[in-house]
Amino acid sequence: MQVHNEAELAQAIVTVANLPPTGLFVLPDSSNIVHRNLIIALAAQYRLPAIYYFRYFAKDGGLISYGPDELDLFRRTAGYVDRILKGAQPSSLPVQVPSKWEMAINLKTAKALGLTVPQALLARADEVIQ
């Protein structure tokens, strides 16, 4: 759902909460990042399992995050900056996609939602937040 402010965001989450068994996938959008605490709080209030793109969502109380390793992205960006400062034309540099992905699971949130996270999923997680 596309939202433009906190009121629309809250209404969107209420709408999703009233659907048959459902959950949230929160896209990596600057508005979602700015309002992440509200999104996490509303997901908890309406007992919606949610998956997020960035690890800090899980650290802040979200259920699961799965997305690119941001530190890896920053390191690779530094390489591009170095090449540009040494004279490379930005338009000549290839587009890169993330190559390293990470998953974090917040067990405290899972417990609050009454969910049991399978051991196989916990074993694959890069970080399990107690």
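In the chain, the portion of solvent-accessible area held by carbon and sulfur atoms comes to 58 percent [1.4 Å probe, whole percent, DNA, RNA and ligands not counted]. Restricting the stretch 48-99 to trypsin sites (Lys or Arg not before Pro) that sit in a DSSP loop and have at most 10 other Cβ atoms within 10 Å of their own Cβ leaves Lys86. Contact order for the chain, expressed relative to its length and based on alpha carbon pairs under 8 Å spaced 6+ residues apart, stands at 20 percent. Any idea what diffusion coefficient the stretch 54-130 gets from Stokes-Einstein, in µm²/s, Kirkwood Rh on alpha carbon pairs, 10 °C, 1.306 mPa s? It comes out at roughly 110 µm²/s.
Heavy-atom accessible surface of the chain, averaged per residue, reaches 64 Å², computed with a 1.4 Å probe.
Divide the volume of the convex hull around the Cα atoms of the stretch 73-115 by the residue count and you get 96 Å³ per residue. Computed over the chain, the quotient of the alpha carbon radius of gyration and 2.2 N^0.38 Å is 1.26. log₁₀ I(q)/I(0) of the stretch 4-80 at q = 0.24 Å⁻¹, via Debye over equal Cα point scatterers, no solvent, to two decimals? With no solvent term, the Cα-only Debye profile gives -1.11. Using equal-weight Cα scatterers in the Debye expression, the normalised intensity of the stretch 36-83 in log10 at q = 0.17, 0.21, 0.31 Å⁻¹ is -0.55, -0.68, -1.06.
The values are calculated or read from the model by the stated rules, or taken from the named source; none is laboratory data. It should be emphasised that the depicted structure is a prediction, and the values quoted were computed from it without experimental measurement. Cβ coordinates were reconstructed from backbone atoms using ideal geometry, including for glycine residues, and neighbour counts include every protein chain displayed. Keep in mind that these areas ignore ligands, DNA and RNA; they rest on the heavy atoms of the full protein, side chains included. Shrake-Rupley method; radii C 1.70, N 1.55, O 1.52, S 1.80 Å.
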